[in-house]
Structures are given as structure tokens and as C-alpha cells.
Amino acid sequence: MESRRALRVINSVAPIRIVDNGGWTDTWFAGHGKIFNIGVYPYAEVQIEVFPAAGEKERVIIEAENYGDRYAVTPEQGIWNKHPLLEAAIHYMKIPAGLSLHVTIYSEAPAGASTGTSAAVSVALIGALDRLTPGRMTPHEVAIAAHHVEMNMLHLQCGIQDQLCSAFGGINYIEMRIKELENEGPESPRLEALRGTAEKSRDAVYEGNFSAFGKAMIENTDAQTRLHPDLVSADALKVIGIAKNHGALGWKVNGAGGLGGSVSILTGDVSGVKRSMIREIQEADPLFQCIPIYLSRFGLRTWEASA
């Protein structure tokens, strides 16, 4: 496929998500959700080279750069083995007849960081594939499609906040109605505490009150611990302890928490103190690393380059 000249080259990027205050309340058991989150760089990146089909059955080559995987799939087959999220999204978007694709996916966000990277990848991939047909999906439609692929096609338990953050970018406050909670009910005090941090985060950012925002981050992390103590791991507590000693304003264990993952830290405005904190964190464990981030003012973006 690569020896031929591409008809089109489609590119897309979508941000990952941090500081998901109110996380867990966007899942099926919570009844209703209130989420605050922030879309940031590093992005998930997708590039699609579009070729005329030459009668081959396996019309799509997937190159998952981060995993060193390159393999061919039949988009209509409906069997997802190696990278199910990618293969199911391609199947869902129905590649037009007469075309074959070389799809390259890459992200600088490390795997397992609990920053919604899989959602960012599926949003970027669906957004890029959308350019193959007339008309354009809205960001909301792309987010819903990405969520559908995970929940209904792959039967994975996931909320909707990550897909929405990747589709829209920026700083988000999201309210949603979901199915009813099974045991404690949607008014569970533990879930209500999480919802409350989303509202506090929204209000603090509107006011430009970073101290209040930091307190909301801490409240959310404490509420995660009350859901289950293992959601805030020993490694996360070590990082939080160092941040505390350096006068950080707030900290949030990203995503669902548990082993691995990442912690977002809100520091004060003295750059030297921040750099000192980062050095001490990285010296505390050779596996700890700082991920450079910046606010993504936009969500999903797609464009075409000359072939």
C-alpha cells in the first residue's frame, strides 16, 4: 500500500484529560454525574493515508506506534483482536468501498497514566475517519460515538467525561443523567461528595481563586479514598506528601485511581519551588516522571495535508 501515492492524507489530534473532579459520578451506576475536568497536551495523534483499493480483502493497515505494532485488518469483519478499540472504531465508521487506509496512531502520554488516553485516541480516530464521508459529525456526536464503541461494542465499563473532554478540550463542567445506582442509590453520600467537588472547581475557576480550586482537588482525592482506600495508592501518597511539603495548593489522583496512574499537582506561583518539588519527586523513585502539559484551548481538530 505504501508504494502507491496516497489520494489524501488526513490528520487529527485530541487532548487527554486531567483533574477529573467528580470522577466516578459519570459512570452507569451513579444515577447522575457532575464532572469538572481539563483537556491538556500531550495529544493523541492520528494520521490516515488514503489509497484507492486494489481488490485486497484487508483494506486497512493499523500502525500503533507506541506499541511497535503494524498489521492489516478487514474493516467489515467485526472481529477485534490486537487493538480492539482501534479495530472496533474503524468497523463502526464504515470505511467507504473503493478505499484502503494506512492508519497511524501515536501519543506522547504514557500508557496507564489514567488521563483518558484511550478516549483521546478513539475521538481522534473517529474524527479523522469522519472526513472520509460527506458531512461532519459535531464534537458531541464524535464523543458519543467513541463512548458507544467502548461501552456497547467492546462492553467496557467507562464514563462519558473523557470522550467529551477530548472532543471539546479546554476547561469543562459537565452534568449528565445516567442509569440508577444499584446499592446506595444515586444520592450516596460518597458519590455526592465527589459531585460537590466538581461544582466547587467550576466556581473557583470562574472566580480565578486557585486556592479554592486546590482545596476542591484535595477534597476529591479524599473522597476517592472513602470510596475505597486502594484508589489512592502508596506511590500517589508519596508524591502527595512531597507536594504538601513544598506548599502545593492542591493534588488530584487522576482517573479512577489505584495502582500506577498519575497525580495532577497545583503549585503556587514561585517557579523555583515548583522545580524543586519536581526534582524531589523524581529522586524519590526512578519510575516517577513529570509529564509536561499545557492547556488545550481546543478539542478535536482534523485537517488534510497534501498527499
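None of the figures in this text is laboratory data; all of them are computed from the coordinates on show. Everything quoted here is computed from the prediction, not taken from an experiment. Neighbour counts run over all protein chains shown; Cβ positions are idealised from the backbone, glycine included.
Roughly what angle does helix 84-93 make with the longest principal axis of the chain, taking Cα atoms, 0 to 90 degrees, to the nearest 10?
60 degrees
Calculate for the chain the 222 nm mean residue ellipticity that helices alone would give, adding -39,500 (n - 2.57) per DSSP H run of length 4 or more and normalising by residue count, nearest 500 deg cm²/dmol.
So the calculated ellipticity at 222 nm is -10500 deg cm²/dmol.
Which of 34/252; 57/94; 200/252; 200/274 have a Cα-Cα distance over 18 Å?
Among 34/252; 57/94; 200/252; 200/274, the Cα-Cα distance tops 18 Å for 200/274.
Using DSSP, restrict attention to beta bridges with both residues in the chain and report what percent are antiparallel, rounded to the nearest 5.
Here the antiparallel bridges make up roughly 90 percent for the chain.
Simple spin-label model, 7 Å along Cα-to-Cβ: residue 4 to residue 304 in nm?
Between residue 4 and residue 304, the simple spin-label model gives 1.7 nm.
Tell me, what is the percent relative contact order of the chain, built from C-alpha pairs under 8 Å that lie six or more residues apart?
Answer for the chain is 28 percent.
Once a ≥ b ≥ c are taken as the square roots of the eigenvalues of the Cα gyration tensor of the stretch 104-148, is the result rounded (a/c under 1.5), prolate (a/b larger than b/c) or oblate (a/b not larger than b/c)?
Taking the square roots of the gyration eigenvalues as a ≥ b ≥ c, the stretch 104-148 is oblate.
Go ahead and set up a Gaussian network model of the chain, Cα springs under 10 Å, then flag whichever of 164, 191, 295 fluctuates most.
Most flexible of the set in this elastic network: 295.
Can you tell me the dipole magnitude for the chain around its Cα centre, using point charges on the Cβ only (Lys, Arg +1; Asp, Glu -1), in Debye to the nearest 20?
On the way: 28 positive and 35 negative charges, 111 e Å.
Once rounded to the nearest 20, the dipole reads 540 debye.
Check the straight Cα-Cα distances from residue 215 and name the aspartates and glutamates below 18 Å, setting aside those fewer than 8 residues away within the same chain.
Leaving aside aspartates and glutamates fewer than 8 places away in the same chain, those within reach of residue 215 are 20, 192, 199, 203, 207, 269.
Amide H neighbours of residue 43 under 5 Å, at least 5 residues apart or on other chains, H built in the peptide plane: list them.
108
Once a ≥ b ≥ c are taken as the square roots of the eigenvalues of the Cα gyration tensor of the stretch 189-291, is the result rounded (a/c under 1.5), prolate (a/b larger than b/c) or oblate (a/b not larger than b/c)?
Since a/c reaches 1.5 but b/c is at least a/b, the shape of the stretch 189-291 is classed as oblate.
Among the GluC sites (Glu not before Pro) within the stretch 20-105, which fall in a DSSP loop and have no more than 15 other Cβ atoms within 10 Å of their own Cβ?
56, 58, 76
Give me the base-10 log of I(q)/I(0) for the chain at each q in 0.09, 0.14, 0.15 Å⁻¹, Debye formula, one uniform scatterer per Cα, rounded to two decimals.
Treating every Cα as an identical point scatterer, log10 I(q)/I(0) equals -0.48, -1.04, -1.14.
If I stretch the segment between residue 41 and residue 140 completely, what's the gain in nm (0.36 nm per residue apart, minus their alpha carbon distance), one decimal?
Here the answer is 33.6 nm.
Need one number: nm distance between label points at residue 280 and residue 209, each 7 Å from Cα along Cα→Cβ, rounded to one decimal.
Calculated label separation equals 2.8 nm.
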